[in-house]
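J.: One structure is given below, represented as structure tokens, and several questions about it will come after.
The values are calculated or read from the model by the stated rules, or taken from the named source; none is laboratory data. Computed from a prediction, not measured in an experiment: that's the story for all the values here. Positions of Cβ are backbone-derived with ideal geometry, glycine not excepted, and every protein chain shown enters the neighbour counts.
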Amino acid sequence: MHFESISPGIVPRAAQILFERIENLFDRAFGGADNPLRHLGALGLYFLWILVATGLYLYIVLDTSIEGVYSSIGWLSREQWYLGGILRSLHRYASDAFVVVMFLHLLREWAYGRYHGFRFYSWITGVPLIWLVYVSGIGGYWIVWDQTAQFSAIATTELLDWLPFFSEPSARNFLAPDSINDRFFTVLVFIHIGVPLMLILGLWTHVNRISRVDYLPSRRVMLATLASFLALALLKPALSAAPADLAQMPAEVPLDWFILFLHPLTDLTSPAAVWTLIFGATLLLFALPFLPHPAAAPIAVVDAPNCNGCSRCHVDCPYEAITMAPHPHKPNHKIAIVDADHCAGCGICAGSCPSSTPFRSQQRLVTGIDMPQQPVDALRQQLEAQLASLRGSTKLVVFGCDQGADVRGLAGADTAALSLICAGMLPPSFIEYALRSGADGVVVAGCRDGGCEFRLGMEWTRERLARSREPHLRALVPQERIEILPAARGEQRRLAAAVAAFRTRLESQGEAARPPAYSRRSHG
Amino acid sequence: MVKPAAIIGQIVLYGAFAAFIGYFATNPTYKQIADDIALVKLSISHLGDRECRKRTPEELAKMPPNMRAPLECPRGRSDIKLVIELDDKPMFETIMHPTGLSRDGISSVYKRFELKAGSYKLAVKMNDNLVNPGFNFVKEAQITLKPAEILVIDFNPDRGGLFFQQGSAEKH
């Protein structure tokens, strides 16, 4: 049973397929956990910490007088290249990399359709951060007060002056050598520290509605990107251009195209065109969640008599959609409360509920928290019906995930295939139930590592099956008869091959290792 | 255990990322003007004049004793007319309007003109009270512009009105 939805447009669909293919390709080199494309947000945060750490040192040595800014920063690169120079280069390259991963993150989330419904808040709070990043980045370039800074300062103020905000053109501040004074750089440094602080606050807001935030990428990714920046710092250290001179027009300037691209764009078009682009893009990003998009999934429903207040759903929910409140009927007990605005409808909570066990003798299996579009009772019925019809020497049950490779094509005389909303929705007891009910092996297929549509589905499934997370698979269940196979959308063929290999392995190991409770039985 | 091919793949991809960042952090360089071009920046911010009228004794007598100011000055300011001539040919002409809902704010203009380096006769004329004909501020000078040099046309009543600035020195 699945909810109806509007299909995404051709462009986002094509972008999604492109991202999926590149990510799958990157998985070959990096693996899911270390694939930078699957951890762009965390990577951005890591770059920000590099910026903060290196920026602190740069601030300590910076002299904010007109002559001092240029010479003190230049001194770092010339006299103290081994420390200050490298930190300066790290500051520059981390800021450029931050901009790159920020836009990739934005593009990826859009391509995957992650901007509406329960993700509305994260999307909307992310948009102003782009402005803060550019204000910080452009202002940072001014502090050096070289020719690039001069060019950027004049170009930025001329662009700002097109807006009807200032009674007097702000570009007048850079008219002649005597137009600026030492206080300018004090204010500039203050802004360059204040705006990134606002950015950090904004980022905290941005991730406020998700649990277990991926604050940092894996250690390997951190070391590798840091090594890349260090190599760049040594091979191509960040250096100042010639000192700024407001009496001269810098004829040719080295330009940071990630941060300062707006200036050539203004020269090429007009301030009106650039502001139209900036405000238009911002408005479009804000408006995107309000444009037609796929319907929201039905949210989880709590059944008060069956909720024992164990809080596992509250702990496992990737979007902090579940809170615990005093139970209305059971004294000293709690009950799960689902926040409709936060709920992704992923079903991970149903998989975490201890009442979701198919071994319960109720005719109709009602669990503490369930998904209306795919209740655990329906799952048990489907499993029982498919198990009853299985024939062949090695019967397999494949639990799949609607977000990953489609498992329904694997169904056959000797294979039962059930697709769930998310692999994390599968209560581990269903695996035991299948094995005790005649299946020779169980496959759990879901998104690739780091690519879970609902963030934590595959991670929780692995931990539950490895008995390190509640509700865990019982110790008696033979692990060799269970296979977890990550397979992304479109990787049906790869999944089929892996399932066939698993079947061959099961056939070769025979009956010897099977505990008595899991001995082969007829279901016919 | 990471396979050697995967390690090579990672080195290649991280290397490509670093090369991409490293290159576009400073390249290609941006050339805003051609080598033989100089810049004239016109930037004037000035409060237009206003026409004050002397009140007649009859008018003053009709007013409350504490309000009897001898001059009546309207709040609004005059538009400012500005003309620039280069080698006696018109180069730019504008009317600067006062800002503010009551037209009592400053009038501003900011423009950039690219000129080939060389010697020119530059004349700037300004009238800050359009009730009067002609121009009450005029500045003329023979200027020589080197490539990439900036000449600023500015106005400051404390510095004698209109003035040209080249480098850190004011041109008289």
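J.: For A:Thr276, are the conditions met, namely being within 14 Å of another protein chain (Cβ to nearest Cβ), in a helix (DSSP H, G or I) and hydroxyl-bearing (Ser, Thr, Tyr)? Talk me through it step by step, then tell me what you get.
T.: Working: within 14 Å of another protein chain (Cβ to nearest Cβ): no; in a helix (DSSP H, G or I): yes; hydroxyl-bearing (Ser, Thr, Tyr): yes.
Criteria not met by A:Thr276.
J.: Then there's this: With the requirement that a residue be under 22 Å from B:Asp35 (Cα atoms) and either buried (at least 16 other Cβ atoms within 10 Å of the Cβ) or of a type in the set (A, V, I, L, M) (or both), what does region A:268-284 give you? Write out each step before concluding.
T.: We begin by selecting, within region A:268-284, every residue under 22 Å from B:Asp35 (Cα atoms); these are A:268-269.
Selection gives A:Leu268 alone.
J.: Report every pair of residues separated by at least 6 positions or lying on different chains whose Cβ atoms are under 6 Å apart, first residue within region B:100-128 and more than 14 Å from chain A (Cβ to nearest Cβ), second buried (at least 18 other Cβ atoms within 10 Å of the Cβ) and assigned to a loop (DSSP other than H, G, I, E, B).
T.: B:Asp128/B:Gly48
J.: Could you list, in sequence order, the residues of region A:158-191 that are closer than 20 Å to B:Ala148 by Cα and among the hydroxyl-bearing types (Ser, Thr, Tyr)?
T.: Matches in region A:158-191: A:Ser179 only.
J.: Next question. Name the residue, out of A:Pro250, A:Pro237, A:Pro328, A:Pro305, that is farther than 30 Å from A:Phe151 by Cβ, part of a loop (DSSP other than H, G, I, E, B) and either of a type outside the set (A, V, I, L, M) or free of Cβ contacts under 8 Å to residues at least 24 places away in the same chain (or both).
T.: Numbers: A:Pro250 fails: farther than 30 Å from A:Phe151 by Cβ; A:Pro237 fails: farther than 30 Å from A:Phe151 by Cβ; A:Pro305 fails: part of a loop (DSSP other than H, G, I, E, B).
Matching residue, one of A:Pro250, A:Pro237, A:Pro328, A:Pro305: A:Pro328.
J.: Here's another thing I want to ask about it. Before we move on, is A:Gly137 modelled with pLDDT of 95 or more, within 12 Å of another protein chain (Cβ to nearest Cβ) and assigned to a helix (DSSP H, G or I)? Talk me through it step by step, then tell me what you get.
T.: Working: modelled with pLDDT of 95 or more: yes; within 12 Å of another protein chain (Cβ to nearest Cβ): yes; assigned to a helix (DSSP H, G or I): yes.
In short, yes.
J.: Quick one: count up the residues across region A:392-413 that are free of Cβ contacts under 8 Å to residues at least 40 places away in the same chain and not in a helix (DSSP H, G or I). Write out each step before concluding.
T.: Pass one, region A:392-413, residues free of Cβ contacts under 8 Å to residues at least 40 places away in the same chain: A:392, A:408, A:411-413.
Now restrict to residues that are not in a helix (DSSP H, G or I): A:392, A:411-413.
The number of residues fulfilling the criteria is 4.
J.: Which of the residues spanning region B:10-56 are at the interface with chain A (Cβ under 9 Å from one of its Cβ atoms), farther than 22 Å from A:Ile154 by Cβ and in contact with a Lys or Arg (Cβ under 7 Å, 6 or more places away or on another chain)?
T.: Answer for region B:10-56, where residues must be at the interface with chain A (Cβ under 9 Å from one of its Cβ atoms), farther than 22 Å from A:Ile154 by Cβ and in contact with a Lys or Arg (Cβ under 7 Å, 6 or more places away or on another chain): just B:Gly22.
J.: Right, next: Of the residues that make up region A:273-283, is at least one outside the structural domain of A:Gly113 (by TED's automatic domain parsing) and within 30 Å of the chain's Cα centre (by Cα)?
T.: Residues of region A:273-283 outside the structural domain of A:Gly113 (by TED's automatic domain parsing): none.
No, region A:273-283 contains no residue that is outside the structural domain of A:Gly113 (by TED's automatic domain parsing) and within 30 Å of the chain's Cα centre (by Cα).
J.: Something else about it: Kindly establish whether A:Leu163 is surrounded by fewer than 18 Cβ atoms within 10 Å (Cβ to Cβ), more than 30 Å from A:Phe118 (Cα to Cα) and within 26 Å of the chain's Cα centre (by Cα). Break it down stepwise before answering.
T.: On the way: surrounded by fewer than 18 Cβ atoms within 10 Å (Cβ to Cβ): yes; more than 30 Å from A:Phe118 (Cα to Cα): yes; within 26 Å of the chain's Cα centre (by Cα): no.
Here the answer is no, as A:Leu163 does not meet what is asked.
J.: So which pairs qualify, if the first residue must be in region A:7-36 and touching a residue at least 60 places away in the same chain (Cβ under 8 Å), the second must be of a type in the set (Ser, Thr, Tyr) and part of a loop (DSSP other than H, G, I, E, B), the Cβ gap must be under 6 Å, and the two must be at least 6 apart or on different chains?
T.: Cβ pairs passing all conditions: A:Gln16/A:Tyr112; A:Ala33/A:Ser218; A:Asp34/A:Ser218.
J.: Inspect region A:44-60 for any residue being under 13 Å from the mean Cα position of the chain (by Cα) and either assigned by TED's automatic domain parsing to the domain that holds A:Arg21 or among the small types (Gly, Ala, Ser) (or both) and give the result as yes or no. So that I can check it myself, show each step before the final result.
T.: Of all residues in region A:44-60, those under 13 Å from the mean Cα position of the chain (by Cα) come to A:44-45.
Within this subset, residues satisfying the condition of being either assigned by TED's automatic domain parsing to the domain that holds A:Arg21 or among the small types (Gly, Ala, Ser) (or both) are A:44-45.
Taking every residue of region A:44-60 in turn, at least one turns out to be under 13 Å from the mean Cα position of the chain (by Cα) and either assigned by TED's automatic domain parsing to the domain that holds A:Arg21 or among the small types (Gly, Ala, Ser) (or both).
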